[in-house]
Each structure stands twice: as C-alpha cells, then as structure tokens.
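A.B. asks: One structure, as structure tokens, below. Some questions next.
The values are calculated or read from the model by the stated rules, or taken from the named source; none is laboratory data. For clarity, every value in this text was computed on a predicted model and none was experimentally measured. Neighbour counts are summed over all protein chains in view; Cβ atoms, including those assigned to glycine, are modelled from backbone coordinates with ideal geometry.
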C-alpha cells in the first residue's frame, strides 16, 4: 500500500477493503480510487483519470493511496532489468515498468480523503514543472520516460527532417498571424493591434476567426479591420467549433500565408519584431514548426512567477520523445501552412496545439527560439485559470489519449521507419 500523501489522508469507512476487493477481482497489478479534498470551504470530490497506455506523464494523480501487487512489481523489475539510479523518480520508474505488463486500474468511487496542502488554482500549478528549480528532477524523469519508450518500441531517433522544397508553398503573403477567439472583447483588441504592429521585411496579414462572439468581441474586430486592410475577419458558417476547428478554417483559407503564426486572443507579442524572428527561424531550417519562449505577465504587463518559460526540457536530440511526458511544447508556435493544413488540428479547445506538436515531431525537426518573444497574459478569464477537479481530469484524460495514439503510431514506424 503506497501512501502518496502521508499524515494528511485517510480511507473512508470500507475504502481500503474496496481497494483490496478491486485488486482481487481484476487481477490488476496497481489499483487506485477516487478521493475527496478537505478544504476550508468544505469537502470537494476529486475524480481521477482512468489510466491509459499513454499516461506516462510523471504527475499522474493516483490520489492519496495506491495498492500495488508485490509479485507483479518484482516480476516487472526482473523482466526490465531493475530501476534506474535516481534521487527523485523511483516510484515513477516502478510505475512505468509495471504498466508495461498491467495498466493501473481506477476504482470509480470515492474511497479516501485528503487534506490539501497546495490549494492554488490549476492555472498556477501548471507552470511548476518548467521552474528552473525543478530542472534536476525533470532531467531524471526524462531519463525514466525515455527508457520506457525504448523498452516498448515507441522511441524515435531525433531530430527529424527539415522541409522538402516542394513543401514550401508560394502563397499570397509569406506569413499569416492566426487569432481565433470567442467572447474576448476585453483582450482581443490588444492581440489584434500587437499583430498589426509587427515590423517585417515581408508581406503578412492577420486572420482573426470570430467564433460567433456574443460579448462585443466581433465589433472590436470589425472596427480595427475597417482601418487596416491586412486584418481579415473570418466567421465560421457553423457554430460550435473548437479552437482547433477555427485554426483549420484559417489554414485552409485562400488568404493564408506560406507560414502561419499563433497569437492567442488573451496575449500579445513581446515587441514589434516577434513575427520577423519566427518566420526567419522557419526559413532557416526550413522547419515545419517553430516554437518560441514566453514571459508570464499580468494584464498590466508586470512579470509574474515563474517569469520566462522557455521549455528547456526540449532538446534537439530527444525533444520529440520527452514531449510525450510533459504537458506542452511552448509558445508562440508557428507552422508551415501546408504541413499543418494536411495534418489538421483536432476540433477541440484544449490540447489541440499539443496534438499538432506531437504529430509534427514524429516526422519533422521542430526549431526553437529561446528568448521570450511572447507575453502570456494571465487573468481570471483564461480558459485554464481555475479548472474544477472533474474538468481537469477530463482534460488530462484527453491528452493521455493523444499520447496513447501517438505512442502506437510511433511504434508502428519502428525506430528506423521515420
């Protein structure tokens, strides 16, 4: 019995017995159950994710307790050669080794309760792993995850290839800044003006996809577009598109440039040279995708922790493999239009960028810019500002599904089939 939260958690009546019963009934090597958080405001249920093959992220939430079958753990260690020598990652390594032969099993019932020490909103916790203080731990976790990918045949050699000449198109403009939004009247004007203020040595336009806003955001777009012909509004014919669907609409527009560069409707570029830097890097490879670094700020532009997020966990020699372990690739993101349009974003509003990065990195070399060229503005209206536990579990489950599909696709390639 593993206690992940010692001294501040306990089982509900009958909870431990139910965990044992589930292990006996299913024969699973690792069993865990839903829990509830004890907060000052009262108890709150915390449903957990079902474990998938792609659940290899090191922050998977098992709740306060896991029941592990000793014989299965010993057998997994014997078959895989034993744990790596690590300071912080022994349990993570053990979990991945066991999961090669038996996936952990979730009991969909609240069996325990935990007094939380960290009550920060989800929007603040999500940046913990990119903190420089966590870099030593992250390197260890990368080593453990990479070893698992190699053992299971899902590791790919890095870096991938650069663009072929025929994959670089001749389009109406060299670059398009793509800004999808819905109900962002407070922030979209800043994003549009930031995009239009870019100083470049090439022609560009701005494709703003208004996903049927009802808060006046569409009027903000129309007003700015009336004074600058480079700003091209797009309104989908259908309703209910996700951010990914809006991106697909812009990418397939005849007005879209050779390269497509992201700017979220909450955010702004760091200065007037961001677009030039992103496109220069795309042409340098030439790359199918380029990712920059960003600075976390409040709505007044003041830096807030953790400050600059540059995703240094990415390296050319292992980044595409390590991407399967972490939550994101960074921002801003820029793409060769032809490649992104052919792949297509999933029509969702969470994880669509991660899905694209996974797919591109399977085949192509992703270029990086390590200086902060983007300001990620945090405010109460951010879509990920404060997710409730059930919503957070659903989003994690979706991303784990993306990882599962990508792992299986890479396994089909084989280590030399790229």
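A.B. asks: So which residues in segment 350-378 are assigned to a helix (DSSP H, G or I), in contact with a helix residue (DSSP H, G or I) (Cβ under 7 Å, 6 or more places away or on another chain) and closer than 23 Å to residue 294 by Cβ, if there are any at all?
C.D. replies: 352, 354, 355, 356, 358, 359, 360, 361
A.B. asks: Sticking with this one: Give me the pairs, please: first residue somewhere in segment 332-349 and outside the structural domain of residue 310 (by TED's automatic domain parsing), second residue anywhere and modelled with pLDDT of 95 or more and crowded, with 24+ Cβ neighbours inside 10 Å, beta-carbon distance under 6 Å, and either six or more positions apart or on two chains.
C.D. replies: none
A.B. asks: Taking residue 76, is it closer than 23 Å to residue 403 by Cα, buried (at least 16 other Cβ atoms within 10 Å of the Cβ) and touching a strand residue (DSSP E or B) at 6+ places or on another chain (Cβ under 9 Å)?
C.D. replies: no
A.B. asks: Looking at segment 322-330, can you tell me whether even one residue there is more than 13 Å from the chain's Cα centre (by Cα) and assigned by TED's automatic domain parsing to the domain that holds residue 173?
C.D. replies: no
A.B. asks: Taking the stated definitions as given, is residue 224 touching a residue at least 40 places away in the same chain (Cβ under 8 Å), outside any loop (DSSP other than H, G, I, E, B) and within 18 Å of residue 275 (Cβ to Cβ)?
C.D. replies: Here the answer is no, as residue 224 does not meet what is asked.
A.B. asks: Go through 300, 313 for me and flag whichever is out of contact with any strand residue (DSSP E or B) (no Cβ under 8 Å at 6 or more places or on another chain), assigned to a loop (DSSP other than H, G, I, E, B) and within 30 Å of residue 149 (Cβ to Cβ).
C.D. replies: Just one listed residue meets the conditions, 313.
A.B. asks: Do we have any residue at all in segment 107-123 that's modelled with pLDDT under 95 and assigned to a helix (DSSP H, G or I)?
C.D. replies: For segment 107-123, residues modelled with pLDDT under 95 and assigned to a helix (DSSP H, G or I): present.
A.B. asks: State yes or no: is residue 96 buried (at least 19 other Cβ atoms within 10 Å of the Cβ), in contact with a helix residue (DSSP H, G or I) (Cβ under 8 Å, 6 or more places away or on another chain), part of a helix (DSSP H, G or I) and touching a residue at least 24 places away in the same chain (Cβ under 8 Å)?
C.D. replies: So residue 96 fits the description; yes.
A.B. asks: Filter segment 379-418 for residues that are part of a loop (DSSP other than H, G, I, E, B) and under 17 Å from the mean Cα position of the chain (by Cα); which is modelled with the highest pLDDT?
C.D. replies: For segment 379-418, the residue satisfying everything is 387.
A.B. asks: Of the residues in segment 166-196, how many are touching a helix residue (DSSP H, G or I) at 6+ places or on another chain (Cβ under 6 Å), buried (at least 24 other Cβ atoms within 10 Å of the Cβ) and assigned to a helix (DSSP H, G or I)?
C.D. replies: The total comes to 2.
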